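What follows is one structure encoded as structure tokens, with my remarks underneath.
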Amino acid sequence: MSVRTRRLGAATLTLTALAGFTVSLLAAQPAAAADPLRTLAAAKGKFIGTAVATNQLANETAYRTIAGQEFNQVTAENAMKWDATEPNDNQYNFTGADQVVAFAQANNQIVHGHTLVWHQQTPGWVQGLSASAMKTAMLDHIATVVGHYANNPAVQSWDVVNEVFDENGGFRTSFWYNTLGSGFIADAFRAARAADPDAKLCINDYNVEGINAKSTAMYNLVSSLKSQGVPIDCVGFQSHLATQYGFPGQVTENVARFAALGVQVRFTELDVRIVLPADAGEINTQNQYYTNIINACLASTACPGVTIWGFTDKYSWVPDTFPSEGQALIYDANYNPKADYTAIATALGAGTGGGDTTAPSTPTNLAASGTTSSGTTLSWTASTDNTAVTGYDILRAPGASGGTFAVVGTSTSTSYTDSGLSASSVYRYQVRARDAAGNLSAVSTTVSVTTLYGGGGTGGCTAVATTQTQWPGGYVIQPVTVTNTGSAQISSWTVTFTLPAGQTITGSWNAVLTVSGQTVTAKNANYNGTLGPNASTSFGFQVARSTSDTTLASGYACAAP
Ligand code: XIL
């Protein structure tokens, strides 16, 4: 207790010292571009953050000034990791962590705590413990570190566990997992909630930005933790991107599925590295990736903000970790803002002067086509805008009524193909337009889509003919019952049969008959071709024959594609 009080006292002193210092630095700064990123982000209800390093905060004016001016959220790049906060068992050291928090408070920033339980930057003494001692150490660590900031309003969230998955979505076989099993995850979250009931508690990982095996494993874990009542509030997508690997697929859809679980989605460690030397095309790609992530956050109310993993190429983990790669951040090594900075500012609405409050017109003529058992293609008529329409949000609700419309994707054209739908299911869609300032149109009218039967398997059918009546000179075959005996829906059928020589078809109904020699081909009418498994329909026909002929059509066979 007394230790903790002294530590807090030290933190307060640091805060005061830094606060006074920072004000004078700000005054000495040349006039910045119109709106710093933090102002633009705040206008959108989001934070824009940076990871900060204690050495640079303490020693470099330019670093400190930009970190304070441009961002309204900070994450300690290393100062809150276990090796920094508890280098020896039960010997806590909050010097660096408190420095970051004091800086944040002096600059009216919020702090994301990173990270409590990770397999890296954790001292050897933890890694060698027995299961019961390791669990005790973990619970103590969480209680003490989270507890240290529980009453500090700046510290609002924590990465409780970091990188618990391997590349394919299995649990990483770290010393945590190997010693404690996957139960350490739920235990860690419960301990963090007990230590600070108000903090948002996150799970954080890399390569989970798009939809893939690893993000699906993350999704399943969060879903399972939620259903067990484990206190988890947010998922962190680290977002260490690289131009040579392409932008992750289906980020918007991925954000939406986590949001539907009731957790926040944060982009926690954004950087976009380039294999050096960087050419213009790569830089352009990099600008686009930064823009895409900002847009993905802007598009979801579940995303409170984006944190960039540092801001200047002078100090980035990238060259140390990925040899021959770099230039991943938004300021160059001389603290000049790069095109990435402008891309982010633009995505956050800069240049619209805050003055563009005119929403695009509502998209019209929304229609669906090409519906399969798992997808559909939407198209609509373009919206107009006083500046320009920059894209469309596609919203979907499950079922024919009720449910909630949620954004499932975005499009920069006037069409969108949705996939991953369930077979034989009803979905409703709406579309809205957005402009560069983030103004949204009203939603379009709703289009309803029913996906096809998707049982797979093969089609197959039988035809069973009944003679309704016969007389000297003719007969009526009615019904010919056509049954889908396959396991998939069929959309057409063809019945063939043999007509004895000298007989002629004089009429038919509910099928289209053609005669070639003695072979009659009966194809479904345009209204009775679709049959689900086990479903039946029928047709009939009439035949003329000589009065001495008593034979009937025979050899009925049915085929379905
Ligand atoms: C990195 C820091 O940037 C480096 O300074 C340090 O040497 C290693 O860790 N995922 C994370 C971050 O969750 O904590 C890592 O930060 C980058 C990858």
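The values are calculated or read from the model by the stated rules, or taken from the named source; none is laboratory data. Small disclaimer: the values here were computed from a predicted structure and weren't measured. All Cβ positions, even for glycine, are placed from backbone atoms using ideal geometry, and neighbour counts span all protein chains on display. Accessible surface is based on the protein model in full, side chains and every heavy atom, while ligands, DNA and RNA are left aside. Shrake-Rupley method; radii C 1.70, N 1.55, O 1.52, S 1.80 Å.
Here are a few things to note about the model shown:
- Out of Ser487, Ser548, Ser538, one residue alone is modelled with pLDDT of 95 or more, not in a strand (DSSP E or B) and not charged (D, E, K, R). It is Ser548.
- From the list Ser487, Ser448, the lone residue that is surrounded by fewer than 19 Cβ atoms within 10 Å (Cβ to Cβ) and touching a Gly at 6+ places or on another chain (Cβ under 6 Å) is Ser487.
- Within segment 102-118, no residue that is more than 19 Å from Ala143 (Cβ to Cβ) and in a loop (DSSP other than H, G, I, E, B) sits with its Cβ atom under 6 Å from a residue that is within 16 Å of the ligand (Cβ to nearest atom) and open to solvent by 10 Å² or more (accessible area, probe 1.4 Å) at 6+ positions apart or across chains.
Table: residues versus (1) out of contact with any strand residue (DSSP E or B) (no Cβ under 6 Å at 6 or more places or on another chain); (2) modelled with pLDDT of 95 or more; (3) within 23 Å of Gln228 (Cβ to Cβ); (4) open to solvent by 30 Å² or more (accessible area, probe 1.4 Å).
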residue: Ala143; (1), (2), (3), (4): yes, yes, yes, yes
residue: Trp158; (1), (2), (3), (4): no, yes, yes, no
residue: Asn162; (1), (2), (3), (4): no, yes, yes, no
residue: Asp166; (1), (2), (3), (4): yes, yes, yes, yes
residue: Gly169; (1), (2), (3), (4): yes, yes, yes, no
residue: Tyr177; (1), (2), (3), (4): no, yes, yes, yes
residue: Ile185; (1), (2), (3), (4): no, yes, yes, no
residue: Cys202; (1), (2), (3), (4): no, yes, yes, no
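- Scanning segment 88-97 for residues that are within 23 Å of Thr136 (Cα to Cα) and either in contact with a Lys or Arg (Cβ under 6 Å, 6 or more places away or on another chain) or open to solvent by 10 Å² or more (accessible area, probe 1.4 Å) (or both) gives Asn88, Asp89, Asn90, Gln91, Tyr92, Asn93, Phe94.
- For Glu209, the test of being under 12 Å from the mean Cα position of the chain (by Cα), modelled with pLDDT of 95 or more and within 16 Å of the ligand (Cβ to nearest atom) is passed.
- Enumeration of residues in segment 118-146 that are in contact with a Ser or Thr (Cβ under 7 Å, 6 or more places away or on another chain), away from the ligand (no atom under 16 Å from the Cβ) and either closer than 25 Å to Ala51 by Cβ or small (Gly, Ala, Ser) (or both): Ala131
- Within segment 139-157, residues that are under 14 Å from Asp89 (Cα atoms) have Cβ atoms under 8 Å from residues that are open to solvent by 10 Å² or more (accessible area, probe 1.4 Å) and among the polar types (S, T, N, Q) in these pairs: Asp140/Asn90, counting only partners at least 6 apart in sequence or on another chain.
- If you go through segment 306-348 and keep only what is open to solvent by 10 Å² or more (accessible area, probe 1.4 Å) and within 12 Å of the ligand (Cβ to nearest atom), you end up with Trp309, Tyr315, Ser316, Trp317, Pro319, Asp320, Thr321, Phe322.
- Within segment 233-244, restricting attention to residues that are more than 16 Å from Cys202 (Cα to Cα) and more than 16 Å from the ligand (Cβ to nearest atom), the residue that is least open to solvent (accessible area, probe 1.4 Å) is Thr243.
- In segment 43-63, of all residues being closer than 30 Å to Ala302 by Cα and at pLDDT 95 or above, the one that is farthest from the chain's Cα centre (by Cα) corresponds to Ala53.
- Residue-level check: of (1) modelled with pLDDT under 90; (2) under 29 Å from Ala442 (Cβ atoms); (3) in contact with a strand residue (DSSP E or B) (Cβ under 9 Å, 6 or more places away or on another chain), Ser424 misses just (2).
- Qualifying residue in segment 22-35 (condition: within 16 Å of the ligand (Cβ to nearest atom) and at pLDDT 50 or above): no
- The residues listed here are Gly45, Gly49, Gly68; of these, the one that is of a type in the set (Gly, Ala, Ser), surrounded by 18 or more Cβ atoms within 10 Å (Cβ to Cβ) and over 17 Å from Thr268 (Cβ atoms) is Gly68.
- When residues of segment 98-117 are limited to those that are out of contact with any strand residue (DSSP E or B) (no Cβ under 6 Å at 6 or more places or on another chain) and open to solvent by less than 10 Å² (accessible area, probe 1.4 Å), the one nearest to the ligand (Cβ to nearest atom): Phe103
- In segment 71-87, residue farthest from Ala106 (Cα to Cα) [restricted to those that are assigned to a helix (DSSP H, G or I) and open to solvent by 10 Å² or more (accessible area, probe 1.4 Å)]: Asp83
- Residue under evaluation Val230, criteria (1) β-branched (Val, Ile, Thr); (2) within 16 Å of the ligand (Cβ to nearest atom); (3) assigned to a loop (DSSP other than H, G, I, E, B), criterion not met: (2)
- Which listed residue, of Ala437, Ala501, Ala423, is under 22 Å from Ser374 (Cα atoms), hydrophobic (A, V, I, L, M, F, W, C) and assigned to a loop (DSSP other than H, G, I, E, B): Ala423
- Residues in segment 245-288 that are free of Cβ contacts under 8 Å to residues at least 24 places away in the same chain and within 25 Å of Ser223 (Cβ to Cβ): there are none.
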